[in-house]
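**Student:** Got a structure here, written out as structure tokens. Questions coming.
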């Protein structure tokens, strides 16, 4: 997963789906390797899914602690626990949390202002980038089904995740990957060029619409842009495979 906010393969054929059978959990990925379980291209977005069993997070934490000690990449106990709780798929990745422990960083890109749930830096120098968990879904009692997860995608939540990553990218001047976490799944949300251009172009009009002259939240931008994106001829007929 290379950090990038550049237009991705979601530009190719909106609405097409490439699906792979899930890898049995809890087999951990190797360091710096993430085997996504499934992916869908939908409404100008490519969304990749990694499923986990939340009941096994304590075991994942113990495994991550041992793995990081062996590889010489330790994190403070509180940082590692938060990483495993929020993004268990990255438990052994060579990432560095940004911001003060226990506090959420404030990021700006023009009038767009965001407070990522978790912001991680990966890589060094020109090859570095950000992994940005913009927001979490509700801790629902029902897990997201692995065989039909794409039917439950919330476009506004996905756009909000991208908007948070845009703000983080602007704040740190680094490419950023947008992430979203559900009760048993982590999504990577890659915007195509149409979506990215619309979000950037609508910051000003969204500020005017919401009466926000100095700052605009990702939720406000996503809410403003969703109906406009759905009305675009290139995107409005795109839907995940299997949906009505």
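**Student:** For region 177-185, state whether one or more residues are within 29 Å of residue 70 (Cβ to Cβ), assigned to a loop (DSSP other than H, G, I, E, B) and either modelled with pLDDT of 95 or more or in contact with a strand residue (DSSP E or B) (Cβ under 7 Å, 6 or more places away or on another chain) (or both). I'd like the intermediate steps shown before the answer.
**Tutor:** Of all residues in region 177-185, those within 29 Å of residue 70 (Cβ to Cβ) come to 177, 179, 181, 184-185.
Right, trim to assigned to a loop (DSSP other than H, G, I, E, B) and you get 184.
So of that shortlist, the ones also either modelled with pLDDT of 95 or more or in contact with a strand residue (DSSP E or B) (Cβ under 7 Å, 6 or more places away or on another chain) (or both) come out as 184.
Checked region 177-185: at least one residue is within 29 Å of residue 70 (Cβ to Cβ), assigned to a loop (DSSP other than H, G, I, E, B) and either modelled with pLDDT of 95 or more or in contact with a strand residue (DSSP E or B) (Cβ under 7 Å, 6 or more places away or on another chain) (or both).
**Student:** I want to confirm something. Restricting to region 81-112 and keeping residues that are touching a helix residue (DSSP H, G or I) at 6+ places or on another chain (Cβ under 7 Å) and surrounded by fewer than 18 Cβ atoms within 10 Å (Cβ to Cβ), which single residue is modelled with the lowest pLDDT? Steps first, answer last, please.
**Tutor:** Residues of region 81-112 that are touching a helix residue (DSSP H, G or I) at 6+ places or on another chain (Cβ under 7 Å), as a first pass: 81, 83-85, 88, 90-92, 97, 101, 107-112.
The next check asks that each one be surrounded by fewer than 18 Cβ atoms within 10 Å (Cβ to Cβ); those that pass are 81, 85, 101, 108, 110-111.
Values: 81: 91, 85: 92, 101: 66, 108: 92, 110: 91, 111: 94.
By that ranking, first place goes to 101.
**Student:** Residues in region 66-80 that are surrounded by 14 or more Cβ atoms within 10 Å (Cβ to Cβ), part of a helix (DSSP H, G or I) and under 24 Å from the mean Cα position of the chain (by Cα): how many? Give the steps one after another, and end with the answer.
**Tutor:** Here is the first cut: in region 66-80, the ones surrounded by 14 or more Cβ atoms within 10 Å (Cβ to Cβ) are 67-68, 73, 75, 79-80.
Pick out the ones that are also part of a helix (DSSP H, G or I) and you get 67-68, 79-80.
Applying the additional criterion that residues be under 24 Å from the mean Cα position of the chain (by Cα) yields 68, 79-80.
Going through region 66-80 one residue at a time, the tally reaches 3.
**Student:** Among the residues of region 191-224, which ones are closer than 18 Å to residue 176 by Cα and assigned to a loop (DSSP other than H, G, I, E, B)?
**Tutor:** If the condition is that a residue be closer than 18 Å to residue 176 by Cα and assigned to a loop (DSSP other than H, G, I, E, B), then 192, 217 are the ones that fit.
**Student:** May I pose another question? I'd like the residue in region 225-244 that is in a loop (DSSP other than H, G, I, E, B) and touching a helix residue (DSSP H, G or I) at 6+ places or on another chain (Cβ under 8 Å) and, out of all such residues, is modelled with the highest pLDDT. Walk me through it before giving the result.
**Tutor:** Looking only at region 225-244, we keep the residues that are in a loop (DSSP other than H, G, I, E, B), and these are 231-244.
With touching a helix residue (DSSP H, G or I) at 6+ places or on another chain (Cβ under 8 Å) added as a condition, the list becomes 232, 234-236, 240-243.
Working: 232: 85, 234: 69, 235: 72, 236: 55, 240: 45, 241: 40, 242: 37, 243: 39.
It comes out as 232.
**Student:** Moving on. Of all residues in region 220-231 being in contact (Cβ under 8 Å) with a residue 60 or more places away in the chain and surrounded by fewer than 20 Cβ atoms within 10 Å (Cβ to Cβ), which is farthest from residue 166 (Cα to Cα)? Before the answer, list the steps.
**Tutor:** We begin by selecting, within region 220-231, every residue in contact (Cβ under 8 Å) with a residue 60 or more places away in the chain; these are 221-223, 225-226, 229-230.
Filter once more, keeping what is surrounded by fewer than 20 Cβ atoms within 10 Å (Cβ to Cβ): 223, 226, 230.
Values: 223: 16, 226: 16, 230: 20 Å.
Restricting to residues being in contact (Cβ under 8 Å) with a residue 60 or more places away in the chain and surrounded by fewer than 20 Cβ atoms within 10 Å (Cβ to Cβ), the top hit is 230.
**Student:** A further question on this structure: Inside region 187-205, can you point out the residues that are under 22 Å from the mean Cα position of the chain (by Cα), free of Cβ contacts under 8 Å to residues at least 60 places away in the same chain and over 30 Å from residue 143 (Cβ atoms)?
**Tutor:** The initial filter retains those residues of region 187-205 that are under 22 Å from the mean Cα position of the chain (by Cα), namely 187-203.
After this cut, where a residue has to be free of Cβ contacts under 8 Å to residues at least 60 places away in the same chain as well, the list is 197-202.
Those that are under 22 Å from the mean Cα position of the chain (by Cα), free of Cβ contacts under 8 Å to residues at least 60 places away in the same chain and over 30 Å from residue 143 (Cβ atoms): 197, 198, 200, 201, 202.
The values are calculated or read from the model by the stated rules, or taken from the named source; none is laboratory data. Note that this is a predicted model, so its numbers are computed, not measured. When we count neighbours, we look across all protein chains shown, and the Cβ atoms used for this are built from the backbone with ideal geometry, even at glycine.
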